[in-house]
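What follows is one structure encoded as structure tokens, with my remarks underneath.
The values are calculated or read from the model by the stated rules, or taken from the named source; none is laboratory data. Source: prediction; values computed, not measured. When we count neighbours, we look across all protein chains shown, and the Cβ atoms used for this are built from the backbone with ideal geometry, even at glycine. Remember, those area values only see protein heavy atoms, side chains included, never the ligands or the DNA or RNA. Shrake-Rupley method; radii C 1.70, N 1.55, O 1.52, S 1.80 Å.
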Amino acid sequence: MKYFIDTADVAEIREAASWGLIDGVTTNPSLMAKTGRPYHDVLREICEIVDGPISAEVVATEASAMIEEGEKLAKVHKNIVVKCPMIIEGLKATHALAKRGIRVNVTLIFTPLQALAAAKVGASFLSPFIGRLDDIGQDGFAIVEDMVQILSNYDYPAEVLVASVRSTTHLLRAAEVGADIATVPFAVLKQTLHHPLTDLGLERFLADWRKTNQKI
Ligand code: G3P
């Protein structure tokens, strides 16, 4: 499973990228707004750090304006993937952008049929928001499982990109159901790498080794 980092904070991206774990980045208007910085500057900086798909979202809600914004965003760097929301206007924009060779990540997907529609119009990435489904008492992963199953019946090139990941369990389940990608906030990503027994075990190994007075 590919790991994307879900943030527009370049310090976080730089740090996680240095671990060798990051295959791409997803941003959204809320994450961009949090940086307080000019959109294109942030995108350019991210593209210099990570050599993989970098999702940048449009903010228009009408197809022709989304296409215009998408084309501008795509010009920032060859790795930019335009993010369009899963509304009918967003599907129209996705179709048009895909026909022009621009990769699109369809975001705010909450049902398998929304995902299928996005795949049919040419999306490269499908982003189900599992945490937000959990928030309203539904099992976010039921839709991811269905999406993976449905897409395996056909030949759409779209990849399932699990988003709104809030916990290590979410990341584990994404891998268990065979999602192509999970996009993970920095803090959650870091959590998945730690275990107290790892730290304790290392402490004991090093203490025993020190007693030998040897060097490697
Ligand atoms: O990638 C989508 C993600 O940023 C949304 O996460 O936690 O705001 O639902 P969240």
Exercise for the section: Could you do me a favour and compute the accessible area per residue for the chain, 1.4 Å probe, result in Å²? Expected result: 52
Exercise for the section: Work out the FRET efficiency for GLU176 and ASP23 from their Cβ-Cβ distance, taking R0 = 25 Å, and round it to the nearest 0.05. Expected result: 0.85
Fill in the blank from the handout: Simple SL model, points at 7 angstrom along Cα→Cβ for LYS99 and ASP135; separation in nm is 3.5
Fill in the blank from the handout: Dividing the helical contributions, -39500 (n - 2.57) per DSSP H run of n ≥ 4, by the residues of the chain yields a 222 nm value, nearest 500 deg cm²/dmol, of -15000 deg cm²/dmol
Problem - Helix 140-152 vs. the chain, principal-axis angle (Cα, 0 to 90°, nearest 10) - result: 70
Problem - Projected-area mean, segment 56-95, by convex hull of Cα positions, square nanometres - result: 2.4
Handout entry: Dimensionless Rg ratio for segment 1-106, taking C-alpha atoms and the 2.2 N^0.38 Å reference
Key = 1.03
Exercise for the section: Leaving ligands, DNA and RNA out of it, report the carbon-plus-sulfur percent of the accessible area of segment 2-210 at a 1.4 Å probe. Expected result: 55
Problem - All-pairs alpha carbon distance profile, the chain, 5 Å steps from 0, percent - result: 1, 7, 15, 17, 18, 15, 10, 5, 3, 3, 3, 2, 1, 0, 0
